[in-house]
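Taken together, the values in this text are just the output of simple stated rules run on the coordinates, not laboratory data. Only a predicted model underlies this, so the values are computations on that prediction, with no experimental measurement involved. Positions of Cβ are generated from backbone atoms using ideal geometry, with glycine treated the same way; all protein chains shown enter the neighbour counts.
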Amino acid sequence: MNVFADFHAALSTALSALVAEGKLPDGLDLSRAVVEPPRDPSHGDLSTNAALVLAKGAGAKPRDVAMLLVGKLAVDPRVESADIAGPGFVNLRLRAGVWRELVRAVLNLGAAYGESRAGNARPVNVEYVSANPTGPMHVGHCRGAVVGDALAALLEKTGFSVTREYYINDAGAQVDTLARSVHLRYREALGENIGTIPEGLYPGAYLVPVGKALAQQHGGKFRDAPEDEWLATFREFAISAMMDLIREDLDALGVRHQVFTSERTNIVGQGRVDEAIERLKLRDLVYTGVLEPPKGMKPDDWEPRPQLLFRATQFGDDVDRPLRKSDGSWTYFAADMAYHLDKYRRGFVRLIDIWGADHGGYIKRVDAAVKALSEGRATFEVKLCQMVNLMDRGEPVKMSKRSGNFVTLRDVVDEVGADVVRFVMLTRKQDQHLDFDYAKVREQSKDNPVFYVQYAHARHRSAFRQAAQTFPGADFSDAALAAADLERIADADELALLRQISGFPRLLEAAADAGEPHRVAFWLYDLASAFHQLWTRGNHDAALRFVVPDDQDLTRTRLALVRAVGITVAAGLGILGVRPAEEMR
């Protein structure tokens with residue numbers, strides 16, 4: 001049940017009737033009309049700008065169009081009153097029965113409440129994390145993992161067909177460095193004193209078991225062998241070991257990708273880069289030219305040379321982009337172009353990438369590539385995740401025993417739990433810096449949004465436990481609650497809480513359209529706050545409590561309201577990947 005969508009449909013019906021009556025011309029477009037809560041709740045329950053967006057096409061004043069719409073909407077049995085405000089806004093006040101009926105709808109829908117078909121099953125590829133396979137995931141990767149996973153769930157909830165993807169960057173120099181680092185640990189496992197890890201190699205203790213495994217498998221075969229004899233073997237083994245480590249870390253956070261695409265195997269190894277370049281050549285989008293020195297670089301420090309270039313400036317980029325390195329190999333950008341073409345060829349016309357903030361300068365060139373390679377048929381979106389400042393009681397936490405020089409994702413999950421980590425990562429928009437303080441996320445107070453929302457769900461469960469003790473054997477199932485006398489929901493605060501719940505489907509569609517899952521966390525906090533306030537009233541006035549010892553029917557009615565809150569909170573937390581708490585300890 002989506003009250004806002006229902007009344008947008010009612011607007012369309014009213015418009016059709018007015019056209020049929022000859023009061024408005026045919027062909028008017030309602031697509032820019034919105035139905036939303038008015039800024040001032042005293043103005044009613046719903047407000048629409050329909051008259052303003054229709055007026056020009058109708059050749060009439062907005063208020064005149066508003067009067068026509070009011071005449072149609074006022075006779076809707078769900079509408080208590082319809083008024084015109086300002087230049088032509090139409091405000092509607094709905095009958096209390098609409099909100100009471102919402103309770104029944106939520107109870108019947110259960111976990112499906114908030115779902116919609118807005119996405120119309122359109123395929124969307126969400127690529128997130130995609131960390132280099134050179135070690136365990138750090139806390140910065142953690143934020144991107146949560147944002148990407150929650151965004152994918154949000155899109156699924158609103159009717160899109162979503163694929164969660166991880167791109168393994170295993171074709172660059174960093175994996176050769178990984179192989180050399182592992183070879184050092186391999187020699188260590190054979191009994192050699194390797195001393196201090198040389199500059200430029202990965203120092204983390206997480207490579208010790210990888211070196212031991214290679215020593216067990218190969219013995220001393222590669223101890224003193226030339227690099228070209230062992231590099232490929234050690235590289236493949238180390239990448240596989242690191243991906244196992246990364247999958248374990250992601251699993252601890254509740255993040256599971258459906259597709260893992262290897263740059264080395266699936267893109268470069270299958271000739272996808274050559275195919276992408278040939279595709280561009282057919283449209284004269286590749287040429288040999290000489291670039292100007294990069295901004296900030298002195299001409300004396302720049303060696304101009306002919307390069308194979310992509311005409312990125314034709315698609316909104318600042319400069320044309322090189323496709324080959326001086327040694328003849330493809331640039332990282334060329335491989336990235338081929339990867340995004342691969343996604344498009346797999347049927348995705350909406351591509352969403354979750355990147356770290358340090359990749360912001362890379363967006364224009366990839367966007368240009370997607371436009372060129374898909375001939376404008378695919379859209380490319382990037383969500384940049386800013387840094388996470390990890391603290392404990394206000395003091396920075398910087399080191400990890402496992403990694404040697406950074407705090408790992410697993411360190412944080414082990415410290416406070418996956419549910420807390422996931423929720424906190426969504427308490428700020430992803431392009432804002434986030435402070436994650438171990439002490440604060442453990443606080444049991446209103447200032448800790450994780451606790452506050454979880455407490456709302458736990459309280460809803462406690463109301464049912466209390467009711468079961470007060471009325472042994474009574475049926476308080478969702479089906480029984482849906483059959484309760486909902487006319488007894490009459491208190492102004494109870495009805496206000498239902499109005500808030502009614503906004504959940506609209507909130508999800510707006511958040512999915514904007515690609516902003518943090519909106520769900522914010523909205524849940526506001527809903528929890530309203531529920532806690534209603535609960536507190538019962539603490540001060542026994543007549544307002546949800547469980548009324550001498551009135552089982554009224555208890556069932558109020559529990560129906562409580563259950564609607566619990567279902568909505570659980571549905572929202574489900575999108576965030578957070579398990580709703582059954583009780584707080």
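Listed values, structure above:
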item	result
Exposure proxy ranking, count of Cβ atoms within 10 Å, fewest first, for M584, M337, M297	M297, M584, M337
Cα gyration tensor of the chain - equivalent ellipsoid semi-axes, whole Å, descending	52, 35, 18
Neighbour-count ranking [beta-carbon atoms within 10 angstrom, fewest first] of T158, T265, T568, T379	T265, T379, T158, T568
In order through region 537-547: 3J(HN,Hα) via Karplus (6.51 cos²θ - 1.76 cosθ + 1.60), integer Hz, x for Gly, Pro	4, x, 5, 8, 9, 4, 5, 9, 6, 6, 9
Cα pair distances of region 173-252 binned at 5 Å [whole percent]	3, 16, 28, 26, 17, 6, 3, 1
Viscosity 0.692 mPa s, temperature 37 °C, Stokes-Einstein D of region 61-102 from Kirkwood C-alpha radius, µm²/s	306 µm²/s
About the Cα centre, charge dipole magnitude for region 466-585 (Lys/Arg +1, Asp/Glu -1 at Cβ), debye	280 debye
Leading residue at positive end of dipole, the chain (Cβ point charges), from F234, I197, G22	G22
22 Å Cα-Cα threshold exceeded, pairs from K343/K364; K281/K343; K364/K398; K325/K383; K157/K446; K157/K429	K364/K398; K325/K383; K157/K446
Residues of type aspartates and glutamates that K371 reaches as a straight line, Cα spacing below 13 Å, ignoring anything fewer than 8 places off in the same chain	D317, E381
Spin-label pair A17/D224, simplified geometry with 7 Å Cα→Cβ offset, distance in nm	9.5 nm
Given charges at beta-carbon only (K, R positive; D, E negative), |dipole| of the chain in Debye	480 debye
Helical mean residue ellipticity (222 nm; -39500 (n - 2.57) per DSSP H run of 4+; nearest 500) of the chain	-15000 deg cm²/dmol
Descending semi-axes in whole angstrom, ellipsoid equivalent of region 3-94, from the Cα gyration tensor	20, 14, 12
Bridge type composition, the chain - antiparallel percent by DSSP, nearest 5	45 percent
All lysines inside 17 Å of K56 as judged from Cα atoms, apart from same-chain residues fewer than 8 positions distant	K23
Cross-link partners of K221 among lysines (Cα-Cα below 20 Å; sequence separation of 8 or more within a chain)	K212
Test item: Cα-centred dipole of region 1-86, Lys/Arg +1 and Asp/Glu -1 on Cβ, debye	280 debye
Computed FRET value (nearest 0.05) for D491 with D435, which takes r as the C-beta separation and R₀ as 25 Å	0.05
Note, ³J(HN,Hα) from phi for region 109-121, Karplus 6.51, -1.76, 1.60, rounded to Hz, x at Gly and Pro	7, x, 4, 7, 4, x, 5, 8, 9, 4, x, 6, 6
Virtual spin-label span in nm between A357 and A468, 7 Å along Cα→Cβ	4.7 nm
Exposure proxy ranking, count of Cβ atoms within 10 Å, fewest first, for L280, L481	L280, L481
Coordinate range along principal axes, alpha carbons of region 197-295, Å, largest first	54, 41, 33
Segments 4-12, 114-122 sorted - mean Cβ within 10 Å per residue, highest first	4-12, 114-122
Length gained when the stretch E303-E199 is fully extended (0.36 nm per residue, less Cα-Cα span)	34.6 nm
Region 1-40 shape via C-alpha gyration tensor axes, a/c threshold 1.5	prolate
Region 207-224 - phi-based ³J(HN,Hα) in whole Hz, Karplus 6.51/-1.76/1.60, Gly and Pro as x	8, 4, x, 5, x, 5, 5, 5, 5, 5, 6, 10, x, x, 3, 9, 4, 10
Cα gyration tensor shape for region 205-257, rounded if a/c is under 1.5, else prolate or oblate	prolate
Three semi-axes of the equivalent ellipsoid, region 405-562, Cα gyration tensor, whole Å, largest first	35, 19, 14
Charge dipole of region 115-194 about the Cα centre (unit charges at C-beta), most positive-ward option of A150, V162, N120	N120
Theoretical gain in end-to-end length, Y332 to D274 [0.36 nm per residue, Cα-Cα removed]	19.6 nm
